[in-house]
Amino acid sequence: MRKQESGKAKIFVVLLVLILLVVLVLLGANFWYKSSIKAVQADSEKVQIEIASGSGISKISEQLKENGLIKNSDAFMIFCKLNKRTSLQAGKYVLDKNMSVSDIINQLENGDILDETVTITFPEGKNMKAVVETIAEKTNNSEDELYDLLKDEEYLDSLIDKYWFITDEIKDKDIYYSLEGYLYPDTYIFENKDVDVKDVFAKMLDKMDSVITPYKSKIQKSDYSVHELLSLASVVELEAKNEEDRAGVAEVFFNRLDKNMALQSDVTTYYALKIDMGERDLSSSDLAIKNPYNTRASSMAGKIPVGPICMISESSIKAVVEPDSGDDLFFVADKNGKVYFSKTNEEHDEKVKELKENNLWFSYDE
């Protein structure tokens, strides 16, 4: 009897030890698990990672461990399975080493990806210098890279082959910037700052294509080439602010060209001199300078500038394709942008005098 009792006691002790071991193992496992799903550290330390499309929980856990964002990949997978958290989304993320496994999974489930997109707005009427400065500021392209591309013969030839409205005229040796006036002003979104400048130009040229193509038939029936019309439209862009005035200004320009008169637009002189409008008033010597852009010079009688001088809106393109009909030969704008048209030089001079007397004459020195 005593032997039986002794045997039972031994079995009880063994069972008790086993139970204690199991409890200790479970407690240890629980401690390990809870510790493992806590943040790696208390201090903030951001890490950027990219979860590839099609990545499973196992691969994601390994990637997080390699980047020091979790303590243990097995604990991460256990947490996901126990809590049924398996809908993790691909993409670029900025995570922090002070985030718990739960916090990390929340971000990966919600798809709170890193937004690296770059939005760039190109206003109407800005010239290529401003375009280049803007692209260089918003992306990882330098101004020198941009200017070099504008001189790249092979690149320009590829554009001439691709777009119906781009011709060899953009390669004229007297043109300052080959694509001036061909890049459509609008707001564009790019994937990130590493966007290739060719992709930037492609988007802008594609938009120009969509805007100008509806006028293709009328352009092809015109006495002027598409390059000449865009050059004229760019001057109209800077001379008038609304669609109605632009059609009137275009009428004046065509009438002057028909009479072999110079367009006499100050905005072309500013461009010829590479001076920003508003920088200063023009001198008489500035106005007389011989330059294929400067329509104030007598040598430019009956001529359109050698190329566009700014980014062109659709209303300016429409104005030169569908100008007003009439016999006005002069126009002048007051300091508020209102445009006045005249048929004779005498009427024009009288209007200028009237504006000056009424303090409506614009001066950059004001």
Has the stretch 302-319 got any residue that is in contact (Cβ under 8 Å) with a residue 12 or more places away in the chain and either in contact with a Pro (Cβ under 6 Å, 6 or more places away or on another chain) or over 28 Å from E243 (Cβ atoms) (or both)?
-> yes
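Restricting the stretch 322-345 to residues that are of a type in the set (D, E) and over 16 Å from Q264 (Cα atoms), which is least open to solvent (accessible area, probe 1.4 Å)?
Selected residue: D334.
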Pick from the stretch 266-284, criterion assigned to a helix (DSSP H, G or I) and touching a residue at least 12 places away in the same chain (Cβ under 8 Å), ranking: most open to solvent (accessible area, probe 1.4 Å) | D266
For E124, which of the numbered conditions (1) in a helix (DSSP H, G or I); (2) in contact with a helix residue (DSSP H, G or I) (Cβ under 8 Å, 6 or more places away or on another chain); (3) within 30 Å of I275 (Cβ to Cβ) fails to hold?
-> (1)
Test result for L287, at pLDDT below 95 and either in a helix (DSSP H, G or I) or acidic (D, E) (or both) = yes
Result of the Cβ filter at 8 Å on the stretch 26-52, keeping first residues that are under 19 Å from N106 (Cα atoms) and open to solvent by 80 Å² or more (accessible area, probe 1.4 Å) and partners that are among the hydroxyl-bearing types (S, T, Y) and at pLDDT 90 or above, at least 6 apart or interchain, is K38/S100; Q48/Y93; E50/Y93
Which of the residues spanning the stretch 130-161 are touching a residue at least 12 places away in the same chain (Cβ under 8 Å) and among the charged types (D, E, K, R)?
-> K138, E145, K151, E153
Residue match in the stretch 292-313 (condition: open to solvent by 40 Å² or more (accessible area, probe 1.4 Å) and touching a Leu at 6+ places or on another chain (Cβ under 7 Å)) | yes
Find all pairs meeting these conditions: Cβ atoms under 9 angstrom apart; at least six residues apart or on different chains; first residue within the stretch 57-84 and without any contact (Cβ under 8 Å) to a residue 40 or more places away in the chain and on the phi > 0 side of the Ramachandran plot; second residue of a type outside the set (F, W, Y) and assigned to a loop (DSSP other than H, G, I, E, B).
-> G68/V40; G68/Q41; G68/E45; G68/K97
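The values are calculated or read from the model by the stated rules, or taken from the named source; none is laboratory data. Quick caveat, the model's predicted, so the values are computed rather than measured. Reconstructed Cβ throughout: ideal geometry from the backbone, glycine too, with neighbour counts over all protein chains shown. Remember, those area values only see protein heavy atoms, side chains included, never the ligands or the DNA or RNA. Shrake-Rupley method; radii C 1.70, N 1.55, O 1.52, S 1.80 Å.
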